[in-house]
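Engineer: Sharing a structure, written as structure tokens. Questions coming.
The values are calculated or read from the model by the stated rules, or taken from the named source; none is laboratory data. Because the structure is predicted, anything quoted here is derived from the model rather than measured. A quick note on method: Cβ atoms are made from the backbone with ideal geometry, for glycine too, and the neighbour counts reach across all protein chains shown. Ligands, DNA and RNA are excluded from the accessible area calculation, which covers all protein heavy atoms including side chains. Shrake-Rupley method; radii C 1.70, N 1.55, O 1.52, S 1.80 Å.
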Amino acid sequence: MEDELRDPKNFLEYFLPRPLRLAFFGGSAASCLIASLITAVQLIQSPALELAEGTAARDLVVNIIGLLTFAGLFAYDQQQAAVRIERRREIREAQIAFGDREVFVNEKGEKMSRLKEVNDDWIVRRLERWGRRDGMPFVGPAKGAVLQQLVADKGPRLVVEVGTMAGYSALLMAQVLPPGGRIVTFEKDLSWALAAKRFMWQASQGEKNQGQSSRVGDRVSVEWGDARERLSKVLVPGRDAIDLLFLDGTPKEYLDYLRAAEPFLAPGALVVADNAGVFAQGGLKPYLEYVRGGSGGKYRSELIACKLEWRDDVEDGIEVSTWLGAGESGSGSGAAEASNKAASGVA
């Protein structure tokens, strides 16, 4: 009954839960059965009289039809209950396989299972399943590990991301931010911006986030709008210095994103660009030419080779550039070192 109230299949399940339906169908079938027996007895005892009145035969037929109808509904509802039980069992097993449900032994020694709490790890797993199933353009676990390592090594106070989508990469970076660090991420599609805000709220739930100075999802600020226009309105010159810029929006606009962010780049800031392999000769070509020498020495840049998200058969890459335009390269860590650490299992 609880399952029906959470996920009703039709209007009957809103107003008439299964125990009440079964009582109604069973009682109606029993009533029709009794009425049929009484009518049949009357026909047997006084067939001439009953046939003369002309109602007994009709009543018998009506009661038999009612009996068959209500008995059939009763049996069908029971069968649907068995289907629901089997479906719930399949869902539990799938949740255990996904890592969303844990198996434990209670105080009575009984083997039980329960859903894991919703927090940032739960949301990351959910988004990875979604991405793998539908080929969503999230960075994926492999490139995500490289991104996390870059953030962990750099220890940025401010990360700016262009291209939030569902917030997968923002969550990965938020998980390894140093105390006091924050992420500002820009998304120009309103529906994705709203979805990301929801996921950030969910990522801040659970016991894991309790007692922390800042919950994971609260470290991320989702801004709706085109980063080329919104960046200078959200960040304040002289106060907000970008330590790490992650570009994962529209490839042909990367160079515009970078130029809009350059006035805010801190000395030695890292600029990380996704899909620098698959779009190297396409939309990212002007951007790559710029950071690899066309800027007049403002950047030192290198490519981390990796696979395209969810595709082991497609080569891709992450371009990691260190901002030199403001003077010394600062504390930006080497991209190759980050790649090696990520490849050895750091997530």
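Engineer: When you look at Arg292, is it part of a helix (DSSP H, G or I), in the same structural domain as Phe186 (by the TED database), surrounded by fewer than 22 Cβ atoms within 10 Å (Cβ to Cβ) and not polar (S, T, N, Q), yes or no?
Structural biologist: It is true that Arg292 is part of a helix (DSSP H, G or I), in the same structural domain as Phe186 (by the TED database), surrounded by fewer than 22 Cβ atoms within 10 Å (Cβ to Cβ) and not polar (S, T, N, Q).
Engineer: For the structure I just gave you, tell me whether Arg132 is open to solvent by 10 Å² or more (accessible area, probe 1.4 Å), of a type in the set (Lys, Arg) and closer than 29 Å to Ala269 by Cα.
Structural biologist: Judged against the criteria, Arg132 is not a match.
Engineer: Here is a follow-up. Out of curiosity, is Ala142 open to solvent by 20 Å² or more (accessible area, probe 1.4 Å), under 30 Å from Pro237 (Cα atoms), assigned by the TED database to the domain that holds Leu177 and not in a strand (DSSP E or B)?
Structural biologist: No; evaluated as a whole, the condition is false for this residue.
Engineer: Hey, can you tell me all the residues within the stretch 116-129 that are assigned to a helix (DSSP H, G or I) and open to solvent by 70 Å² or more (accessible area, probe 1.4 Å)?
Structural biologist: Arg126, the sole residue that qualifies.
Engineer: Filter the stretch 159-190 down to the residues that are aliphatic (A, V, I, L, M) and in a loop (DSSP other than H, G, I, E, B) and list them by number.
Structural biologist: Met165, Ala166, Val176, Leu177, listed by residue number.
Engineer: Among the residues that make up the stretch 37-57, is at least one of them closer than 30 Å to Ser113 by Cβ, free of Cβ contacts under 8 Å to residues at least 12 places away in the same chain and open to solvent by 30 Å² or more (accessible area, probe 1.4 Å)?
Structural biologist: no
Engineer: Would you say Arg89 is touching a residue at least 40 places away in the same chain (Cβ under 8 Å), part of a helix (DSSP H, G or I) and open to solvent by 70 Å² or more (accessible area, probe 1.4 Å)?
Structural biologist: no
Engineer: I'm checking my understanding of the structure. Among residues of the stretch 59-93 that are at pLDDT below 85 and small (Gly, Ala, Ser), which one is farthest from Phe24 (Cα to Cα)?
Structural biologist: If we take residues in the stretch 59-93 being at pLDDT below 85 and small (Gly, Ala, Ser), then Ala82 is farthest from Phe24 (Cα to Cα).
Engineer: While we're looking at this one, here's another question. Can you tell me which residue in the stretch 295-310 is farthest from the chain's Cα centre (by Cα), limited to those that are in a strand (DSSP E or B) and not charged (D, E, K, R)?
Structural biologist: This residue is Tyr299.
Residues are listed down the side, and each one gets a yes or a no for (1) closer than 18 Å to Val160 by Cβ; (2) in contact (Cβ under 8 Å) with a residue 24 or more places away in the chain:
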position: Lys188; (1), (2): yes, yes
position: Ser191; (1), (2): no, no
position: Phe199; (1), (2): no, yes
position: Gln212; (1), (2): no, no
position: Asp218; (1), (2): yes, no
position: Gly225; (1), (2): yes, yes
position: Arg228; (1), (2): yes, yes
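Engineer: Another question, then. For the stretch 194-283, please list each of the strands (runs of 3 or more DSSP E) lying entirely inside it that holds at least 3 residues being surrounded by fewer than 23 Cβ atoms within 10 Å (Cβ to Cβ), out of contact with any Cys (no Cβ under 7 Å at 6 or more places or on another chain) and not hydroxyl-bearing (Ser, Thr, Tyr).
Structural biologist: It comes to 265-273.
Engineer: Restricting attention to the stretch 95-115, report how many residues are open to solvent by less than 70 Å² (accessible area, probe 1.4 Å), out of contact with any strand residue (DSSP E or B) (no Cβ under 8 Å at 6 or more places or on another chain) and closer than 13 Å to Arg126 by Cβ.
Structural biologist: Number of matching residues: 1.
Engineer: If you don't mind, another one. Can you name every residue in the stretch 231-250 that is touching a Leu at 6+ places or on another chain (Cβ under 9 Å) and over 17 Å from Leu147 (Cβ atoms)?
Structural biologist: Answer for the stretch 231-250, where residues must be touching a Leu at 6+ places or on another chain (Cβ under 9 Å) and over 17 Å from Leu147 (Cβ atoms): Leu235, Asp240, Ala241.
Engineer: Got at least one residue in the stretch 99-112 being part of a helix (DSSP H, G or I) and in contact with a helix residue (DSSP H, G or I) (Cβ under 7 Å, 6 or more places away or on another chain)?
Structural biologist: no
Engineer: Here is a list of conditions, (1) within 16 Å of Trp122 (Cα to Cα); (2) touching a Pro at 6+ places or on another chain (Cβ under 9 Å), and Ala203 meets all of them except one; can you say which number that is?
Structural biologist: Among (1) within 16 Å of Trp122 (Cα to Cα); (2) touching a Pro at 6+ places or on another chain (Cβ under 9 Å), Ala203 violates only (2).
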